[in-house]
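The values are calculated or read from the model by the stated rules, or taken from the named source; none is laboratory data. This one's a predicted model, so the numbers in the text were calculated from it and none came from an experiment. We place every Cβ from the backbone using ideal geometry, glycine too, and count neighbours over all the protein chains shown. Ligands, DNA and RNA are excluded from the accessible area calculation, which covers all protein heavy atoms including side chains. Shrake-Rupley method; radii C 1.70, N 1.55, O 1.52, S 1.80 Å.
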Amino acid sequence: NPYLPAAVGALMDANKLSSFSLGRISPELGLPHNTATNDVVRVAAALDGKLGASTRWKAYVTHGQTDYEARTDNSLIMANWRAATDVVSDAAGKPVCNPATVARLGAAPGCVAANVFGPGSIDPAVRAYVTGTMWHQIKIVQDAGGASIQGEPFSTWAGKVSLVGGVEYRNERIEGDADPISRSSTASFPLGGFQVGNNKPIEGSYRVRELFAETVLPLLANQPFARSLDLNAALRDTNYSTSGSVDTWKLGLTYAPVSGVLLRATRSRDIRAANFNELYLQGQNNSVSITDFGSVVNGNAQVYSTTQQQTGNDALRPEIASSNTIGLALRDLGVKGLRASLDYYRINLSDAISQVTPQAVINACYGVGAAANPALCNFLVRDVNARLSLIKVPFVNLQSIKTAGLDLELAYRFKLSQLAGQVPGDLDLRLLGTFVKEFVISDGVTSVDRAGEMLNGTRAGNAEGGPKRRFTLSATWRSGLWTLFGQTRYIGGGVIDANPATQGTLADNKVPARTYVDASLQYLVWDGGERGSLSLFGKVNNLFDVKPPIMAEASNAPRPTNFVFYDLVGRAYAVGARFSY
């Protein structure tokens, strides 16, 4: 390389080295710049009417379309970058791109040689040659319609029976395109020409037909031991053109033994069908570091980077969840204005749609740390040197999730004059809390309780843990034209990694709790009822400027903390006006 500094060349000669590895951050190439736009159009029409005194009917149709476009300027074109950095001297001694590399990689004509040695050494002309604009466009269209009828056709000894039934239909379709470089597939870059991203065209559609019915059936009313006892039941049959029919249902009881006390319990079967990405995603890819147990040298599995390819799967089945809840609600019991509720839930989700991690595919293929699953070996692609060149990671119905916990609510509203006769206004106090007892995720290979794991939280729509305890305590004071609001948000501590097999690699696995305080003040300038209103407000979020805990995450785009649960802005102020007319 003619750009090689003489001192480095002399050092190589002295040590009889013909090559070395070089890594550099290249600020001369600039940062990628992302822009995205959404244009949404929706048209809806509905009719409703009466059949007799107590029966009503409704019908509707809708059409909606979303046009989405995303562009990433200054994206690195790998063939051009690799060609630009393989520099040789021409007959006149001028540094040029190696013609053999340009031809082998299929780089664009006009290659500009890049000097990668030293800060600021890369010429702006190189940036123009090795970067381009990555884009993709998607159009999503939904046509839907439905009709329902509801009424109280008869009564039992305990009261009127409510019934509702109906039918719904949806037609969903998607089509999208991407730039030529992302769509390209060559021997050197089979998954696309850019360094990351490389979105592919997407096209697909499905139809959904649903029949449903629901009833509220009074069983007891105004009895000495029961003010009310009601049964709620619902049934829905859903037919997907992609996966066939599936039924969902719900059975619930509400029991009020005395005024102000309500007991409730529900058991249900719920579903979630695959979305467009899970069904029709084409060849999204990125780099991933793996331990290859199929390539062992001197007793050690080889560790290196390869490519994972994420793909859709149009054979996916709907996820199915079995949910059980039981709870108690109290209102004005002993203390007027006091409300309280406590609910326990347990949810078992099977056939959950997820992507097995590339390393989990390898581990299961070779039976390392998990039961061997030879079928997953079909997802591994090796090159002529027996190295993994590609790991396919499709969406599959493999994952199961089991979770259980408690939800708590306490609320108390009273006049401040009850405490001191001269203090004006009303005060609303409210506490919302949740406790997650377990959050066990099984990907078909391993099973880990992720409750309290704070690293990822949610990523790409997949549940991946979260805090065991979260509480929000708020207070609202209202007096005449003034409203003062204060709120404290508590996010419990936890761990970075809850997996016993990997958490030992961390010197400090603990994540401390965080508490945030927010406040606002509002003044009603004018209230004209139906003619409108005007109010002025000021607010501050994260009053004490609490910083998030540091948790490095480097799976694809490194970030220093969990952006789902923690405030990343710091103390922030806002003032403004709200008006309606």
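Just to be sure, is Leu4 in contact (Cβ under 8 Å) with a residue 12 or more places away in the chain, open to solvent by 90 Å² or more (accessible area, probe 1.4 Å) and not charged (D, E, K, R)?
Criteria not met by Leu4.
Report, by residue number, each residue of the stretch 486-497 that is out of contact with any Phe, Trp or Tyr (no Cβ under 8 Å at 6 or more places or on another chain), in contact (Cβ under 8 Å) with a residue 40 or more places away in the chain and in a strand (DSSP E or B).
Across the stretch 486-497, the qualifying residues are Gly494, Val495.
Identify all residues within the stretch 192-202 that are over 16 Å from Gly132 (Cα atoms) and open to solvent by 20 Å² or more (accessible area, probe 1.4 Å); write none if there are none. If you could, list the steps in order and put the result at the bottom.
Let us first name the residues in the stretch 192-202 that are over 16 Å from Gly132 (Cα atoms), namely 200-202.
Listed by number, the residues that qualify are Lys200, Pro201.
Regarding the stretch 407-421, can at least one residue be identified that is open to solvent by less than 30 Å² (accessible area, probe 1.4 Å) and either under 25 Å from Tyr280 (Cα atoms) or under 19 Å from the mean Cα position of the chain (by Cα) (or both)?
No, the stretch 407-421 contains no residue that is open to solvent by less than 30 Å² (accessible area, probe 1.4 Å) and either under 25 Å from Tyr280 (Cα atoms) or under 19 Å from the mean Cα position of the chain (by Cα) (or both).
Find the residue count for the stretch 8-30, including only residues that are more than 23 Å from Ala113 (Cβ to Cβ) and in contact (Cβ under 8 Å) with a residue 12 or more places away in the chain.
Within the stretch 8-30, residues that are more than 23 Å from Ala113 (Cβ to Cβ) and in contact (Cβ under 8 Å) with a residue 12 or more places away in the chain number 0.
Restricting attention to the stretch 79-96, does a residue exist that is open to solvent by less than 70 Å² (accessible area, probe 1.4 Å) and under 30 Å from Gly151 (Cα atoms)?
From the stretch 79-96, those open to solvent by less than 70 Å² (accessible area, probe 1.4 Å) are 79-81, 83-90, 93, 95-96; that's our starting set.
Adding the requirement that they be under 30 Å from Gly151 (Cα atoms) leaves none.
No, the stretch 79-96 contains no residue that is open to solvent by less than 70 Å² (accessible area, probe 1.4 Å) and under 30 Å from Gly151 (Cα atoms).
Six or more apart or on different chains, Cβ atoms under 7 Å: show the pairs whose first residue is in the stretch 305-333 and without any contact (Cβ under 8 Å) to a residue 40 or more places away in the chain and whose second is open to solvent by 20 Å² or more (accessible area, probe 1.4 Å).
Correct list of pairs: Ser305/Ser287; Ser305/Val288; Ser305/Ser289.
So Arg127 passes all but one of these: (1) surrounded by 16 or more Cβ atoms within 10 Å (Cβ to Cβ); (2) touching a strand residue (DSSP E or B) at 6+ places or on another chain (Cβ under 6 Å); (3) touching a residue at least 24 places away in the same chain (Cβ under 8 Å). Which condition number does it fail?
Answer for Arg127: the failing condition is (2).
Yes/no matrix, rows are residues, columns are (1) open to solvent by 50 Å² or more (accessible area, probe 1.4 Å); (2) part of a strand (DSSP E or B); (3) in contact (Cβ under 8 Å) with a residue 24 or more places away in the chain:
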| site | (1), (2), (3) |
| --- | --- |
| Ala187 | yes, no, no |
| Gly204 | no, yes, yes |
| Arg227 | yes, yes, yes |
| Ser245 | yes, yes, no |
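Specify the residue that is modelled with the lowest pLDDT; the eligible residues are those in the stretch 540-557 that are within 17 Å of the chain's Cα centre (by Cα) and assigned to a loop (DSSP other than H, G, I, E, B).
The selected residue is Asn556.
Of the numbered conditions (1) at pLDDT below 95; (2) out of contact with any Lys or Arg (no Cβ under 9 Å at 6 or more places or on another chain); (3) part of a strand (DSSP E or B), Ala221 satisfies every one except a single condition; which is it?
(2)
For the stretch 316-344, which residues satisfy the criterion of being of a type in the set (D, E, K, R), at pLDDT 95 or above and under 32 Å from the mean Cα position of the chain (by Cα)?
Hit for the stretch 316-344 is Asp343, nothing else.
Among the residues that make up the stretch 357-376, is at least one of them under 30 Å from Ala475 (Cβ atoms) and open to solvent by less than 50 Å² (accessible area, probe 1.4 Å)?
So in the stretch 357-376, the residues under 30 Å from Ala475 (Cβ atoms) come out as none.
No, the stretch 357-376 contains no residue that is under 30 Å from Ala475 (Cβ atoms) and open to solvent by less than 50 Å² (accessible area, probe 1.4 Å).
Taking Thr215 as the residue in question, decide whether it is closer than 27 Å to Thr307 by Cα and either among the small types (Gly, Ala, Ser) or open to solvent by 30 Å² or more (accessible area, probe 1.4 Å) (or both). Don't jump to the end; show me each part of the working.
On the way: closer than 27 Å to Thr307 by Cα: no; either among the small types (Gly, Ala, Ser) or open to solvent by 30 Å² or more (accessible area, probe 1.4 Å) (or both): yes.
Criteria not met by Thr215.
With the condition kept exactly as written, say whether any residue in the stretch 517-534 is under 31 Å from the mean Cα position of the chain (by Cα), more than 21 Å from Thr483 (Cα to Cα) and open to solvent by 60 Å² or more (accessible area, probe 1.4 Å). Working first, answer last.
Start the filter on the stretch 517-534 by keeping residues that are under 31 Å from the mean Cα position of the chain (by Cα), which leaves 517-520.
Going one step further and asking which of them are more than 21 Å from Thr483 (Cα to Cα), we end up with none.
For the stretch 517-534, residues under 31 Å from the mean Cα position of the chain (by Cα), more than 21 Å from Thr483 (Cα to Cα) and open to solvent by 60 Å² or more (accessible area, probe 1.4 Å): absent.
Go through (1) in a loop (DSSP other than H, G, I, E, B); (2) under 27 Å from His136 (Cβ atoms); (3) in contact with a Ser or Thr (Cβ under 8 Å, 6 or more places away or on another chain); (4) open to solvent by 30 Å² or more (accessible area, probe 1.4 Å) and name the single condition Gly110 misses.
Looking at each condition in turn, Gly110 falls short on (3).
Out of the residues in the stretch 313-356 that are of a type in the set (A, V, I, L, M, F, W, C) and outside any strand (DSSP E or B), state the one that is surrounded by the fewest Cβ atoms within 10 Å (Cβ to Cβ).
Going residue by residue through the stretch 313-356, those that are of a type in the set (A, V, I, L, M, F, W, C) are 315-316, 320-321, 326, 328-330, 333, 335, 338, 340, 342, 347, 349, 352-353, 356.
After this cut, where a residue has to be outside any strand (DSSP E or B) as well, the list is 315-316, 333, 335, 356.
On the way: Ala315: 13, Leu316: 21, Leu333: 14, Val335: 11, Val356: 24.
Looking at the filtered set, the residue picked out is Val335.
Does Gly159 meet the test of being touching a strand residue (DSSP E or B) at 6+ places or on another chain (Cβ under 8 Å) and modelled with pLDDT of 95 or more? Steps first, please.
Numbers: touching a strand residue (DSSP E or B) at 6+ places or on another chain (Cβ under 8 Å): yes; modelled with pLDDT of 95 or more: no.
The answer is no for Gly159.
May I ask you to list pairs of residues, at least six apart or on different chains, whose Cβ atoms are under 6 Å apart, with the first in the stretch 350-368 being over 12 Å from Val393 (Cα atoms) and the second being open to solvent by 50 Å² or more (accessible area, probe 1.4 Å) and among the polar types (S, T, N, Q)?
Partner pairs satisfying both residue conditions: Ala364/Asn373.
Any residue at all in the stretch 37-45 that's under 28 Å from Gln195 (Cβ atoms), of a type outside the set (Phe, Trp, Tyr) and at pLDDT below 95? Talk me through it step by step, then tell me what you get.
So in the stretch 37-45, the residues under 28 Å from Gln195 (Cβ atoms) come out as 37-38.
Narrowing the set further to residues that are of a type outside the set (Phe, Trp, Tyr) leaves 37-38.
Narrowing further to those that are at pLDDT below 95: none.
No, because not a single residue in the stretch 37-45 is under 28 Å from Gln195 (Cβ atoms), of a type outside the set (Phe, Trp, Tyr) and at pLDDT below 95.
So Gly425 fits all but one of (1) open to solvent by 60 Å² or more (accessible area, probe 1.4 Å); (2) over 17 Å from Asp332 (Cα atoms); what number is the exception?
All conditions pass for Gly425, except number (1).
Going by the conditions given, is Gly64 touching a residue at least 40 places away in the same chain (Cβ under 8 Å), open to solvent by less than 60 Å² (accessible area, probe 1.4 Å) and over 30 Å from Thr131 (Cα atoms)? Let's see the steps before the verdict.
On the way: touching a residue at least 40 places away in the same chain (Cβ under 8 Å): yes; open to solvent by less than 60 Å² (accessible area, probe 1.4 Å): yes; over 30 Å from Thr131 (Cα atoms): yes.
Yes; evaluated as a whole, the condition is true for this residue.
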